[in-house]
Ligand SMILES: Nc1ncnc2c1ncn2[C@@H]1O[C@H](COP(=O)(O)OP(=O)(O)OP(=O)(O)O)[C@@H](O)[C@H]1O
Ligand SMILES: [Mg+2]
């Protein structure tokens, strides 16, 4: 059974459809990569799962099931009891994601206190254990540090410690390495994957970086303008992308573009509020678009390999980039 | 930290000189001299007048008078009142507790109402509550103290008869001051009803004096909260599954308080200037009323000394506020 199942999720901010009829599922212990350009709705989707979309955002869905429980029907309190405990999330900016007025120790033990209770000393011991586990040297001292006294990488480790403190079944990492030095990025990714295996938790990794996905994810969902456009096992997707958008994203990968003078980028931008094209949302930027792509909206087709939203998916033979 | 305190104390000296110069010059710019006002309307023959002026040292060149005054100040001598012949410092500290009592109550009133109102307005941004609070704050801020005081007196003392019009306590009660703070003294006196009477006398002046700080604090709290509520760490706090009360009341508020504390510190000066008017309206026997009376009598030493001591108090309070600021904001604490 899937751990998290999302059916027909939409998130709107006024007239803007940030997420548009999204279906997504993730199994226990799985690593799912979510990729897509800026503004394609990756963060908003996961914030909706966390129940963190506030005014003026409106979340609608046929179902958001976690462990079989329908999240959309839970009252706020029951939902909160799950947030941060069974489903946890870490963010892009470690330096600003921790509260500057409280010590690292306070912020970690607070999560434990809210969800697990226990004695003060037990919480402290667990916090020490967590800090050691995420690779923070001298945890005793770090417990009393404030976020501004630590580096970005260290703060992200603290965020991770906080997120895994209640042994969640699902960890959502929203571009966890984007704001970090290149040398630190790999360490943080290794840490996340190590913890994922150790705790047997499912991991959703949101990223712009196809290279990161290639190294970590078992399955990949590609989002474009709030919609899922392709979803497949990682290896297959990288070998032969079906959707022209995926193909273009892979073309933007540095290794593949090695011999070119400049990194290829996809011309144009993700459609926003006022420039949503008729038909397939990607058609104005698509190199393989045909006239009818601008007339009809392609449905999300399930094939034996996965799912793809395109009338004319690329054939395996055609895709040697 | 020590260096910080020392530099701040160092600012005291130029401020001192500035304040003494200003008050010295301004009080002398007002027409009339102490002798005329002491004698009254009947007038005095010019010879006797000149003699009295000479006794007070007012016949000396201004520069010499100032030098005499300022050298006294640096020896801790603020001179004697021309009217009562009492040392200015002594008079000041007899009346000071009344002003402190009023100011502290006004500030507590402003903080106790302003911070929660600002938080709620921010949390329910755009609601009827938000608009009412901000409208009331704007009105309160622009309301002239005199007018506002009279309005409240007419309503609560005149029409409703709930509160007394003037003074610190009913004339029925008499006891020796112990601390100078009427709330404490009336409590200590053990006389039945004394404490209640003191409280009833305090209510209107407190509200009148606290209105402007209340408006400023409410607005500042709201805007600081609104800013902070968009911060990433507030999202993190929500992502931890914390209850909204804890997210807003602890994680957001702690950060929002940093600018609010600064504003509270700045309001101390506003409070003292407001006290002058408020004390006059309510015949509150404090420093504000004393300075006004001294100006009317051209009691130069009292005016100069009183304003200098008030300025010193404001500077010291602001220094304390800055220290508090460091305590609440760890980023500052570790810098120095
Ligand atoms: N609170 C909000 N109010 C209004 N619009 C929002 C809000 N949050 C997100 N959006 C809009 O929703 C759309 C999707 O945003 P989202 O943050 O999910 O993109 P993303 O795929 O995570 O992009 P990035 O890679 O830059 O993080 C964007 O157009 C964004 O402007
Ligand atoms: Mg994002």
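The number of residues in segment A:46-55 that are within 9 Å of ligand 1 (Cβ to nearest atom) and either within 16 Å of the chain's Cα centre (by Cα) or at pLDDT 95 or above (or both) comes to 3.
Once segment A:125-134 is narrowed to residues that are part of a helix (DSSP H, G or I) and under 21 Å from residue B:239 (Cα atoms), the residue that is farthest from the other protein chains (Cβ to nearest Cβ) is A:131. Here is the figure for segment A:109-123: residues that are surrounded by fewer than 17 Cβ atoms within 10 Å (Cβ to Cβ) and assigned to a helix (DSSP H, G or I) total 5.
Yes or no, residue by residue, for (1) out of contact with any helix residue (DSSP H, G or I) (no Cβ under 6 Å at 6 or more places or on another chain); (2) more than 16 Å from ligand 2 (Cβ to nearest atom); (3) over 25 Å from residue A:216 (Cα atoms); (4) at pLDDT below 95:
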| position | (1), (2), (3), (4) |
| --- | --- |
| A:40 | yes, no, no, yes |
| A:57 | yes, no, yes, yes |
| A:74 | yes, yes, yes, yes |
| A:79 | yes, yes, yes, yes |
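Residue B:223 fulfils the conditions (1) at pLDDT 95 or above; (2) under 26 Å from the mean Cα position of the chain (by Cα); (3) buried (at least 18 other Cβ atoms within 10 Å of the Cβ) except for a single criterion, (3).
Only one entry of A:48, A:15 meets the criterion of being surrounded by fewer than 16 Cβ atoms within 10 Å (Cβ to Cβ) and out of contact with any helix residue (DSSP H, G or I) (no Cβ under 7 Å at 6 or more places or on another chain), and that entry is A:15.
For the condition without any contact (Cβ under 8 Å) to a residue 60 or more places away in the chain and either in contact with a strand residue (DSSP E or B) (Cβ under 8 Å, 6 or more places away or on another chain) or surrounded by 11 or more Cβ atoms within 10 Å (Cβ to Cβ) (or both), residue B:8 does not qualify. Of all residues in segment B:45-58, those being exposed (fewer than 13 other Cβ atoms within 10 Å of the Cβ) and not in a helix (DSSP H, G or I) number 1. Residues of segment A:291-311 that are modelled with pLDDT under 85 and either touching a strand residue (DSSP E or B) at 6+ places or on another chain (Cβ under 8 Å) or surrounded by 11 or more Cβ atoms within 10 Å (Cβ to Cβ) (or both): A:305 alone. State yes or no: is residue A:89 within 30 Å of residue A:26 (Cα to Cα), facing chain B (nearest Cβ under 8 Å) and surrounded by 15 or more Cβ atoms within 10 Å (Cβ to Cβ)? Answer is yes for this residue. For residue A:212, are the conditions met, namely being in contact with a helix residue (DSSP H, G or I) (Cβ under 9 Å, 6 or more places away or on another chain), closer than 23 Å to residue B:236 by Cβ and assigned to a helix (DSSP H, G or I)? Against the criterion (in contact with a helix residue (DSSP H, G or I) (Cβ under 9 Å, 6 or more places away or on another chain), closer than 23 Å to residue B:236 by Cβ and assigned to a helix (DSSP H, G or I)), residue A:212 qualifies.
The number of residues in segment A:158-209 that are more than 16 Å from ligand 1 (Cβ to nearest atom), closer than 20 Å to residue A:131 by Cβ and touching a residue at least 12 places away in the same chain (Cβ under 8 Å) comes to 23. Condition check for residue A:162 on (1) touching a helix residue (DSSP H, G or I) at 6+ places or on another chain (Cβ under 8 Å); (2) at pLDDT below 95; (3) within 14 Å of another protein chain (Cβ to nearest Cβ): one failure, at (2). Go through segment A:172-203 and report how many residues are more than 16 Å from ligand 2 (Cβ to nearest atom) and either under 16 Å from the mean Cα position of the chain (by Cα) or farther than 22 Å from residue A:3 by Cβ (or both). Final tally of qualifying residues: 16. From the list B:239, B:256, B:224, the one residue that fits, being in contact with a helix residue (DSSP H, G or I) (Cβ under 8 Å, 6 or more places away or on another chain), free of Cβ contacts under 8 Å to residues at least 12 places away in the same chain and within 14 Å of chain A (Cβ to nearest Cβ), is B:239. For the structure I just gave you, tell me whether residue B:318 is within 14 Å of another protein chain (Cβ to nearest Cβ), in contact (Cβ under 8 Å) with a residue 12 or more places away in the chain, out of contact with any strand residue (DSSP E or B) (no Cβ under 6 Å at 6 or more places or on another chain) and more than 30 Å from residue A:85 (Cβ to Cβ). Here the answer is no, as residue B:318 does not meet what is asked.
Scoring residue A:104 on the criteria (1) surrounded by 23 or more Cβ atoms within 10 Å (Cβ to Cβ); (2) more than 16 Å from ligand 2 (Cβ to nearest atom); (3) more than 13 Å from every other protein chain (Cβ to nearest Cβ) leaves a single failure, condition (3). Kindly establish whether residue B:247 is at pLDDT below 90, in contact with a helix residue (DSSP H, G or I) (Cβ under 6 Å, 6 or more places away or on another chain) and buried (at least 18 other Cβ atoms within 10 Å of the Cβ). For residue B:247, the condition - at pLDDT below 90, in contact with a helix residue (DSSP H, G or I) (Cβ under 6 Å, 6 or more places away or on another chain) and buried (at least 18 other Cβ atoms within 10 Å of the Cβ) - is not met. Count of segment B:266-283 residues, restricted to those that are surrounded by 17 or more Cβ atoms within 10 Å (Cβ to Cβ) and without any contact (Cβ under 8 Å) to a residue 60 or more places away in the chain, is 2.
Taking segment A:210-244 as the range and being within 16 Å of ligand 1 (Cβ to nearest atom) and either surrounded by fewer than 18 Cβ atoms within 10 Å (Cβ to Cβ) or within 14 Å of chain B (Cβ to nearest Cβ) (or both) as the test, only A:211 passes. Restrict the check to segment B:36-44 and report whether at least one residue is outside any helix (DSSP H, G or I) and either at pLDDT 85 or above or surrounded by 12 or more Cβ atoms within 10 Å (Cβ to Cβ) (or both). Yes, segment B:36-44 contains a residue that is outside any helix (DSSP H, G or I) and either at pLDDT 85 or above or surrounded by 12 or more Cβ atoms within 10 Å (Cβ to Cβ) (or both).
Kindly indicate the residue of segment A:30-45 that is within 8 Å of ligand 1 (Cβ to nearest atom) and at negative phi and also surrounded by the most Cβ atoms within 10 Å (Cβ to Cβ) among those meeting that condition.
Among them, the one singled out is A:45.
No other residue among B:287, B:212 is surrounded by fewer than 24 Cβ atoms within 10 Å (Cβ to Cβ), away from chain A (no Cβ under 14 Å) and touching a helix residue (DSSP H, G or I) at 6+ places or on another chain (Cβ under 7 Å) apart from B:212.
The values are calculated or read from the model by the stated rules, or taken from the named source; none is laboratory data. These figures come from a predicted structure and were not determined experimentally. Cβ coordinates were reconstructed from backbone atoms using ideal geometry, including for glycine residues, and neighbour counts include every protein chain displayed.
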